[in-house]
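Data first, discussion second: the structure below is written as structure tokens.
Every number in this text was worked out from the coordinates using simple rules, so none of it is lab data. Just so it is clear, the model here is predicted, and its values are computed rather than measured. Please note: Cβ atoms are built from the backbone with ideal geometry, for glycine as well, and neighbour counts cover all protein chains shown.
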Amino acid sequence: HRSTTMIPFTVNIKLAARTLTGPLNSHNKPAVDWGWQGLIAQGCHSSILIIDPKTAQTIQVLERHKANVVKVKWSRENYHHSLSSPYSLRLASADAAGKIIVWDVVSGMAHCEIQEHAKPIQDLDWLWNQDASRDLLLAVHPPNYIVLWNGDTGTKLWKKSYAENILSFSFDPFDPSNLALLTSEGIVFITDFSPSKAPGSAGKKVYIASPHSSPAHSKPAAVQPTGAKKALNKVKVLITNEKPTAEAVTLNDCLQLSYLPSKRNHMLLLYPREILILDLELSQTVGVVAIERSGVPFIQVIPCAQRDVLYCLHENGCITLRVCRSTTPLSEETAVDPEQSVQELVYDLRSQCDAIRVTKTVRPYRAVVCPVNENRAALVVSDGRIMLWELKAHNIKAPTNLSSGLSPLYSPINFCGTPLSRNQKRIPDLSLNTMIGHTLISGVDPPWPTAGQQEVQLKFLLTGLLSGLPLPPFSLRMCPPLTTKNINHYQPLLAVGTSNGSVLVYNLTSGLLHKELSVHSCEVRGIEWVSLTSFLSFATSSPNNMGLVRNELQHVDLRTGRCFAFRGERGNDEPAIEMIKVSHLKQYLVVVFRDKPLELWDVRTGTLLREMAKNFPTVTALEWSPSHNLKSLKKKQMAAREAMARQTTLSDAEQSSIESSVIRSDHIQSSPEKSISIYSYFTLFIITDDHRSLGSMGSIACIAWKGDTLVLGDVDGNLNFWDLKARLSRGIPTHRGWVKKIRFAPGKGNQKLLVMYTDGAEVWDTKEVQMVSSIRVGRNMSYRILDIDWCTSDKVVLASDDGCVRVLEMAMKSASYRMDEQDLTDPVWCPYLLLPRAALTLKAFLLLQPWSGSYTMDIAQVDYHEKDEIKGLVQEQLNSLSNDIKSVLEDPELSLLQRCLLVSRLFGDESDLQFWTVAAHYIQSFSQARQLSSQSVPQGHLDICHDILCESSFFQVRKKVHISQSYVIHLRDVYGDVPLPLQTDRAVQLLLETNADNPSYYCDSLKACLVTTIPSSGPSQSTIKLVATNMIASGKLAEGVQLLCLIDKAVDACRYLQTYGEWNRAAWLAKVRLNPAEASDVLKRWAEHLCSSQVNQKSKAVLVLLSLGCFHKVGEMLHSMRYFDRAALFIEACLKYGVMEADDGTNILSLIGAAFADYARLLQSMGLREGAALWASRAGGAGEELLEELFQREATDLTPKEEEAGLGTIE
């Protein structure tokens, strides 16, 4: 509770419109996504929640869909960010009615809306390669269409249909032209996917033989084959081109298909009881993760990119982490012959989190993993909870016992791509690849842990929990309104009574749960506040056979949580309470029963003042008089009586004798047939049962009275407005059926009225007697309203049957709110919330530390020219960084490369992260090669997820392992890969082992003969070359290339592959077979091809050139692409590591000058003049002009204070 002495005004009177959400709909199951931007989006009925996982708060709710949301996807951040392509929060969402909306999340507005068919969207994803365009969105429209949309304009680029129903798709993370579709019958591989036109072919269709009917489960053969053959038998052949038999199809219950982002050409298929890892080059299963009989089945699996790791979600809500086992022997084991050790990929269970209690209504839906760091997971539960788990690595001092069968995991040596220096600070659990080293591969990596590596264990830690509202129905009541007297300690609290008897109190400033109180044992029927911190609530049990119930009326004090039965011992076996009403000054309470006279209580003393006589008529509606002054009260009574008298004379049909009856404190003048009474002692206005229709009105259902206005509503939907001062009454038929509730808005002189019907609600202005706004089920909303109330003088709160409570403007349009208007309890680190220019300034501020010699996290210490309010927002972002990260960023030991990597991680900038990871690796490895110093630690190879960018040595060894598998299968040419006979005798042995009943038996035997005769060179060489070229000419590219490799003409083979557009394969072959100079030529040709306008993958080309050490060319390319910040920092890093010398020639100097000068201009445009001056001064001649300009501006500038004053008046 905030102390009022410290902060005199902590009150935000203006509440933001917001939605409090509850349990999910089953449609929402797949609708959750964790974006590179660091936020989680989740569909809840027709709304979308945006959640910050670090602070576990909902920071935005998007409302525009009419149907349930079935998919949400954050756009990728795989492009260079600048003022023209800024950091922005873009989200695509799709609903069950086939509508796709692309959102600008900060403003809560829709960029565009897309509709093709009216069926639920099956799958949706943004294209990850964003060089050509960052707005492309691929969607599966049922039953069998894939459509490519421009997500910025909503235009359709192309549409293609397939033969089977498409369930989902997965992009190949290594090659943007590959796409796999999971269909109802099998998998369709598309290899010619392009944004410009629809795929030409129908794709390559493969069927999945169900894992249980596959050969691996059958008995092993009697003949014991050799090692390599044994390895092949262990592996199940799974992909077939024939349609499987009928019983195999029924078993095809594949839940999910995804490419592995950590290994090229690998894919996983998920079944309830096993995960299969396929190698697509071999068309073979190379790994199985199975669950034993008693284990809990899988729901979903998320493969990671930084390490070969799988996050698996099980049906009991447990998330398990499985890490691929290293094939490198530990130091004590003997090294095995690589062919013998060809083995399946084995994923060891390394960690698991706690399960949840699964019931009929509570079950796990989906898990998502942070794509930037891959060490945090969020679990979405059907009851609206989100559990945030974080993976932690603990160092183990004593070695683990090897009897568990798991080889130890080691921490990596590098932090942010560079080995740690001695006293450098580090963040232990920054990301997955700083927690555990990569999976070691035999023959590539040294077999034992190097010095400085520590053995680690992984544990899951629950770091956040968001819970939603329970299941509807709800009853709502807002606490008393804000007044000048209570402004210092006012909290806008909303009490929500639920069906299980608890009352949830929400603070509407933050939208967070303030208290959850278990008050009753049955459904809460109504709540009335008696002060700012206490309320009365009542609940009724279900009736017994006599129609009697147990009534519970509880008084709850929020400050202490104390709760007592307000009516003492009363309450068992009596008629149900219909309603309770507290008088305006919170002194008296009236309790109305179904078939029993009402009771009057004193709230402050808790005593029963009177119980009405048995013959008292049944009450249908009542209201306390708002006036507290006796004189005006008498006037009002007279006016009300006259109005009633006039009403009754109007109806000739009902000449009922209406008199006013006055209760004094001691006696009652009343005859049983009185229908409307005004009690002067308590000043209650009561409508009773016996003659409850007035004039043209039907049975009166509710009353509201404020000031001089009295409003009656009846069961037929008529509203009657009485002006007691002017003595006028007007009846208005709304034709909306039963008027359930009417409530006046708070605030002096505010005569707005909220009316609730069975099918919606309306706001009326009682002064003008006209409707202000209206909502109706089916017309402008998809949910039914359960309860209503005002929460401020201009905002209403609605409880609806989709389990949500919505705070809306008076117009009652469900609208998303602007995120920057939010009052968050905890500050959120998300640079995407800043204006584009401010976000880039923040990034430059972090990258260019130290500023004039000092490391600082205070932007005020820098010459930063900007409006104070934007400066404040930037500073808020800096303050919200964790202390760990701040201390590392302020650490002088942090090198430039590490700083660039760390900042791109903080910003979730995918393209930056990839560039700096590869750049850091190759700048360091080339700088070590230049120094040729023997004492430098050899760098490990780049992580496998970078594939073709890895060193050649890594490829050659890796392929030896692969080749023994590939020979037999490749020559059947499923995927036509390029095997390489490095050892002819091995190859011959494998070829001869082909089974006789195999269709390729004859062919394989001839190939064996061919391989053995090759050494007798001479004419055979030229013959084979001729045959190979003919084969290639007649379209058998793979076979021709194989023959060229046999006669050591790999350079020609690469040429042919490139001519026929097999660029990836050519690069692969070059890395494996050619010497560095030849390979470099092949790869440079590939880089040129990637830069061409048809391909448009310049960012990939830059990475290829980096891996070749062409740093000067990379600098030029970055500068020509106008990536000024990246170019300048890259050149700076190259100079620091000595892989680029400033005296290498004139073109290097001109490049340095141009890049630094352009970066200085960029910094000037962001308002960082100090940084601009520094970089301009280092740019030599190119920067002189800019320096002069900066000095002139400084001289002519006003003092900042005067200038801001001037700005203020202009604004």
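Here each label is just a point 7 Å from Cα along the line to Cβ, and for His865 and Gln1192 those points are 1.3 nm apart. The GluC sites (Glu not before Pro) of region 506-606 that meet both conditions, a loop assignment by DSSP and at most 11 other Cβ atoms within 10 Å of the site Cβ, are Glu569. Here is the list for region 731-827: GluC sites (Glu not before Pro) lying in DSSP coil, each with at most 15 other C-beta atoms within 10 angstrom of its C-beta, are Glu768. Other residues within the sphere of radius under 14 Å centred on the Cβ of Met1166, judged by their own Cβ, net out at +1 (K and R +1, D and E -1). With a Förster radius of 41 Å applied to the beta-carbon distance between Ala198 and Asn1147, the computed FRET efficiency rounds to 0.40.
Considering only the Cα atoms of region 1-152, their convex hull presents on average a projected area of 11.6 nm². Along the axis of the charge dipole computed for region 997-1121 (Cβ charges of +1 for Lys and Arg, -1 for Asp and Glu, origin at the Cα centre), the listed residues Cys1045, Val1102, Gln1058 are led at the positive end by Val1102. For region 756-905, a crude dipole built from +1 on the beta carbon of Lys and Arg and -1 on the beta carbon of Asp and Glu, taken about the Cα centre, is about 520 debye to the nearest 20. As a rough guide to protection, the peptides 861-867, 152-158 ranked by mean Cβ packing within 10 Å, highest first, stand as 861-867, 152-158. Take the Cα of Arg559, step 7 Å toward its Cβ, do the same at Glu876, and the gap between the two points is 3.1 nm. Shown in residue order for region 793-806 are the 3J(HN,Hα) couplings computed by the Karplus curve 6.51 cos²θ - 1.76 cosθ + 1.60 at θ = phi - 60°: 5, 10, 10, 10, 10, 10, 9, 10, 6, 8, x, 10, 10, 10 Hz (x for Gly and Pro). Here the peptides 130-138, 1037-1045, 263-271, 69-77 are ranked by packing, the mean other Cβ count within 10 Å, and the order with the highest first is 69-77, 1037-1045, 263-271, 130-138.
Amide H contacts of Tyr757 (H built 1.01 Å from N, in plane; Pro and chain starts excluded): Lys740, Glu762 sit under 5 Å, all sequence-distant by 5 or more or on other chains. If R0 is 41 Å, the Cβ-Cβ spacing of Arg727 and Thr605 corresponds to a FRET efficiency of close to 0.60. Close amide H pairs (under 5 Å, H built 1.01 Å from N) link Arg525 with Phe538, Ala539, Thr540, residues at least 5 positions away or on another chain. With a Förster radius of 30 Å applied to the beta-carbon distance between Lys425 and Ser854, the computed FRET efficiency rounds to 0.95. Inverting the pair-averaged 1/r between distinct Cα atoms of region 1053-1189 gives 16.4 Å as its Kirkwood hydrodynamic radius.
The relative contact order of region 250-298 comes to 26 percent, based on Cα pairs under 8 Å that sit 6 or more residues apart.
Based on the mean of other Cβ atoms within 10 Å per residue, sort peptides 899-906, 1129-1136, 1060-1067, 45-52 so the most packed one is first.
On the way: 899-906: 23.1, 1129-1136: 21.0, 1060-1067: 19.1, 45-52: 24.6.
Peptide ranking by packing, descending: 45-52, 899-906, 1129-1136, 1060-1067.
Taking θ as phi - 60° and the Karplus parameters 6.51, -1.76 and 1.60, the scalar couplings of region 729-736 work out to 9, 10, x, 10, x, 8, 6, 10 Hz in sequence order, x denoting glycine and proline.
Ordering Val70, Gln37, Val105 by the projection of their Cα atoms onto the charge dipole of region 20-111, which places +1 on the Cβ of Lys and Arg and -1 on the Cβ of Asp and Glu, puts Val70 at the extreme positive end.
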